[in-house]
Amino acid sequence: MTGLDVAVVGSGPAGLYTAEALIKQTAALDPPVPVRVDVLDRLPTPYGLVRYGVAPDHPSIKSIAEYLRTILEHPEVRFLGGVHLGDDVTREDLLASYDAVVYATGAMRDRRLGVEGEDLAGSHAATDFVNWYCGHPDMDSEAFSLDAESVAVVGVGNVAVDVARILVRDPAELAPTDVSQPVLDALMASKVREVHVIGRRGPAQAKFTTKELRELGELSGVDVVVAGEEADPAAFDVTGEGARLAETDRRVRGNLSVIDGWAARVPAGHDRRLTVRFWLRPVKVEGTERVSGLTVERTRLDEQGRLSGTGELETIPAQMVLRSVGYQSVPLAGEYVAGWLKRGPTGVIGTNKSDAAETVRSLLADLAAARPGRAPADREKLAALLAARGVVPVSYADWLRVEQAEKDLAAALGRGARVKLPSRAAIDAAYRPPA
């Protein structure tokens, strides 16, 4: 192989770890092969879920962006933000301009509950709420007014835990974070006093991590309530699956320990309450024009290990329902994939590193086996094509201007190190001020 030009679509952890793997693995070849990597993203800002999926009260996770920054600053990596695959460029355009293309666009579509009333006002995908409080440019900063007193969060993964925590924690504690000012104002005015987190299966089958779960129980001014029967992994499980999971999985044992502790607590009478429920599945979102409740059915694992309903119904009063029951990737025709698009929404941010390295090994092996007469690629073909279409990509230098604007805003507001700009228009104005 001679020099390589590679496009990576997506600038989240999966995409940037792919860029890093390309640089490291081509340098380790004998002889080394020069590589140039273009990282494309439809958004004008990099870092994907690290910027727009990690809750603002988790700064240690958000600090991963500082590592990802070093990848974007590598001299052979170029950031092309604001370039939308399908609108600004096509798959064919990329294949004509690069030796290889890696898609790392994530899982961007929520799964639905599939129950009556799901589309009532007040019923939302949890990721819309996450995008809102994380300041995603696609979301209107006024999308959520939080005038509900009771919220039902369907799902028992880390996203559901994040959503519940943001809803019930004291919003004053978020003032030093990077949450945008309109979102902070809405949280300060929130009427939410109770959040119900609801899982279809038992506590042993829940997907959250123990660290995330324990954090819920440490929130100041919040009572955490779990019904003792629902906290028992064997209460609605004749197969003993929960007990077997606890024996073999350290995470499950940790989760059950935390949940048992909550079940033994006596509520202190705080203003805000978090109620964690298990063995319940949604069957109907109640209401006429707006959500007024969520009807759930008691579930159990039968003798064959199948989850089934018992016919016992309960309606939980709630004026907002947030579903967090998984994601689906939007299908793309592509040659190589990394991250959630490749393996589904599993693992932690660091999982993307080994995942990306595996993808790059396959890519380089395929290129090495390609016919010797393969015409060299030239990434400048894409630059010329974008210019002809009037598309001006957002550069890394442009992004640094956005970063500085966020730091300046934080200083002006007296809030922490940085505050996210509240809209796409504000971001655009930061990197391309009006002449």
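The values are calculated or read from the model by the stated rules, or taken from the named source; none is laboratory data. In this text, all values refer to a predicted model and were calculated from it rather than measured experimentally. With ideal geometry, Cβ positions are generated from the backbone for all residues, glycine too; neighbour counts draw on all protein chains shown. Ligands, DNA and RNA are excluded from the accessible area calculation, which covers all protein heavy atoms including side chains. Shrake-Rupley method; radii C 1.70, N 1.55, O 1.52, S 1.80 Å.
Are any of the residues in the range 160-169 open to solvent by 20 Å² or more (accessible area, probe 1.4 Å) and either over 25 Å from Trp279 (Cα atoms) or not in a helix (DSSP H, G or I) (or both)? Yes; the residues of the range 160-169 include at least one that is open to solvent by 20 Å² or more (accessible area, probe 1.4 Å) and either over 25 Å from Trp279 (Cα atoms) or not in a helix (DSSP H, G or I) (or both).
Is it the case, given these coordinates, that Arg389 is basic (Lys, Arg), loosely packed, with under 13 Cβ neighbours inside 10 Å and at pLDDT 90 or above? Yes; evaluated as a whole, the condition is true for this residue.
Of all the residues in the range 97-147, those that are over 23 Å from Asp38 (Cβ atoms) and either of a type in the set (Phe, Trp, Tyr) or not in a loop (DSSP other than H, G, I, E, B) (or both) number 16. For Pro176, the criteria (1) under 22 Å from Ala411 (Cβ atoms); (2) part of a helix (DSSP H, G or I); (3) open to solvent by 40 Å² or more (accessible area, probe 1.4 Å) hold in every case but one, which is (2).
Across the range 179-214, what is the number of residues that are closer than 17 Å to Gly261 by Cβ, in contact (Cβ under 8 Å) with a residue 12 or more places away in the chain, open to solvent by 40 Å² or more (accessible area, probe 1.4 Å) and not in a loop (DSSP other than H, G, I, E, B)? Number of matching residues: 1. For the range 143-156, the set of residues classified as in contact (Cβ under 8 Å) with a residue 60 or more places away in the chain and open to solvent by 20 Å² or more (accessible area, probe 1.4 Å) consists of Asp147, Glu149, Val156, listed by residue number. When the criteria are applied in full, Val337 fails the requirement of being at pLDDT 90 or above and buried (at least 16 other Cβ atoms within 10 Å of the Cβ). Selection of the range 215-229 for residues being buried (at least 21 other Cβ atoms within 10 Å of the Cβ) and not hydrophobic (A, V, I, L, M, F, W, C) yields an empty set.
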